[in-house]
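I have placed the structure first, in the form of structure tokens, so that the comments after it can refer back to it.
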Amino acid sequence: MTMKSPATRMMAVLGLVAMLAFAGAAMVNAQQVNPTAEAVSEDSLFQQLQAGQMVDGRVSIPDEKAAGLIKPDNRSWAATHTGTVRILTIAAVVGAVVVLLAFYLIRGRIRLSAGMSGIRILRFSAFERFSHWLMAGSFVVLALTGLNLVLGRIMILPWLGEAAFSTMTTWGKVSHNYVGWAFMLGLILSFLVWVAHNIPDKLDVQWLSQGGGLLKNGVHPPAKKFNAGQKIIFWSVTLGGAALSVTGVMLLFPGLGGGEADWQFYQLIHGIVAAGLSFVIIAHIYIGSVGMEGAFDAMGTGDVDLNWAKEHHSLWVDEVQSEEAQKKPAAKGTQPAE
Amino acid sequence: MARMKFLCDADRCIECNACVTACKNEHEVPWGINRRRVVTINDGLPGERSVSMACMHCTDAPCAAVCPVDCFYTTDDAVVLHSKDTCIGCGYCFYACPFGAPQYPKVGNFGTRGKMDKCTYCAGGPEADMTQAEYVKYGSNRLAEGKLPLCAEMCSTKALLAGDGDIIADIYKERVVTRGYGSGAWGWRTAYGDTVSV
């Protein structure tokens, strides 16, 4: 052990004194800071909380999403889902049935003014019909299984019982999740084959101002391949279907969405658009079947009676017939000379 | 009958996570699911507080309201339970819950979450009390044995209280009056519409 120089000793003593002085000051500071006075409280956090925000912090478990402590707004999504969405859904379905029933009782079935001609004209090709029925068939499955999620609990569960209703809804959920892809394919195909015929034009204004001839017997405003009413259905289905597809995919892959706030938003849009589209489609099904004589053939066999076509799509018939007339001389020209 | 509630006295919670561990062990909760968790607010700052949170067994529980198959039920003790046999794993209860209580065994696409799992207040499920069938699906049923939830029972600082709402509110009020401060009955306002005012 070596002897320390007086200077080194002096330094050590001074250092010790400085340390003690610093520690003393720190102790005084600690007495002045009262952690409980500065403690967060639920009241103060709630006062700062804006709509859509949550009280959150840090968790030491690996699941970081568990760091959200209280999200008061989740209750308002629940209230909207069981209130507004349920009411809109009931209004859409019951409303459509009531409106159509009233329409049927007042107007009756829309019949052909000139009767059947017996001559058939091709309206929709096999591919067009395939696209339509792919979309339509899947939509019916999706609509029924979707309605079951919103209304089944109050309308079906009471008489089916908990176990059977749960089994049914499980299968409904599975079909909803997978049939959605068929719907999206049908939606894309239908959009591609028909968008060119569905661009709004001046004729639509005229058609709409005459009520599409729906309200009076014998009134038949001119229309091309699709009249304004059909264009409304086309765009409702295209835009509504797109909204349902996007929100549906986000719900199908929860990882894409993020958190509850996103899922709530997608679910809300999905539910409201589905209710609206159900209304439109119920009306579409009515007018394409019971509501109008000769209409179903267009999507059934693909060909329609010439008189039906002339009454409901006069300009389209002219187009088709002039195209055929142009083809005929050409066909004659290819025949061998005599 | 008692109206069972949880109350976490955040001024006592030391974030030891023993409640989380005890719960997982008592009920053999599957991997990835924590029926209870401890959240630290303002972590590292003066006056940070930790709150142990699980299902609060709400009055007018939003999970029960949105369930499309109505699988939830409220016991005589006001504990919100659900039937895993009826649950279809749609995820709506998770969207609706303000406390993040409902969880699913899988983060599956195409709606393959599996049956929802959440805190049962150590009260099991719809199966007969204290049976193996009940234990496998929901964990042990301490309430049927006359015991309170394990998380609160073994809390080392007695921060987490479980029991009749009025009784634990009185205990909390007494503590706040005695020591002169309290950060509030976390979650009560959202779960029961009213907080404990001292």
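For this structure, a couple of remarks:
- Of all the criteria given as (1) under 17 Å from A:Gly137 (Cα atoms); (2) in contact with a Pro (Cβ under 6 Å, 6 or more places away or on another chain), the one not satisfied by A:Ser314 is (1).
- Here B:Ala64 does not fit the description of being within 11 Å of another protein chain (Cβ to nearest Cβ) and in contact (Cβ under 8 Å) with a residue 60 or more places away in the chain.
- Tally, over the range A:68-87, of residues that are surrounded by 17 or more Cβ atoms within 10 Å (Cβ to Cβ), more than 7 Å from chain B (Cβ to nearest Cβ) and either closer than 17 Å to A:Leu45 by Cα or of a type in the set (A, V, I, L, M) (or both): 2
- Subset of the range B:178-187 (residues that are in contact with a strand residue (DSSP E or B) (Cβ under 9 Å, 6 or more places away or on another chain) and either more than 8 Å from chain A (Cβ to nearest Cβ) or on the phi > 0 side of the Ramachandran plot (or both)): B:Gly187
- Positions within the range B:163-198 being within 17 Å of the chain's Cα centre (by Cα), assigned to a helix (DSSP H, G or I) and hydrophobic (A, V, I, L, M, F, W, C), in sequence order: B:Ile168, B:Ala169, B:Trp188, B:Ala191
- Within this structure, B:Ser140 passes the test of being away from chain A (no Cβ under 13 Å) and crowded, with 17+ Cβ neighbours inside 10 Å.
- Residue check, A:Val179 away from every other protein chain (no Cβ under 14 Å) and assigned to a helix (DSSP H, G or I): no
- Residue list for the range B:85-125, restricted to those being within 15 Å of B:Val69 (Cα to Cα), at pLDDT 95 or above and in contact with an Asp or Glu (Cβ under 8 Å, 6 or more places away or on another chain): B:Thr86
- Single residue of the range B:73-112 satisfying the filter (more than 8 Å from every other protein chain (Cβ to nearest Cβ) and charged (D, E, K, R)) that is farthest from the chain's Cα centre (by Cα): B:Lys106
- Verdict on A:Gly180 being farther than 24 Å from A:Asp303 by Cα and more than 22 Å from the chain's Cα centre (by Cα): no
The values are calculated or read from the model by the stated rules, or taken from the named source; none is laboratory data. Given the structure is predicted, the values throughout are model-derived calculations rather than measurements. In this analysis, Cβ positions are derived from the backbone assuming ideal geometry, glycine residues included, and neighbour counts consider all displayed protein chains.
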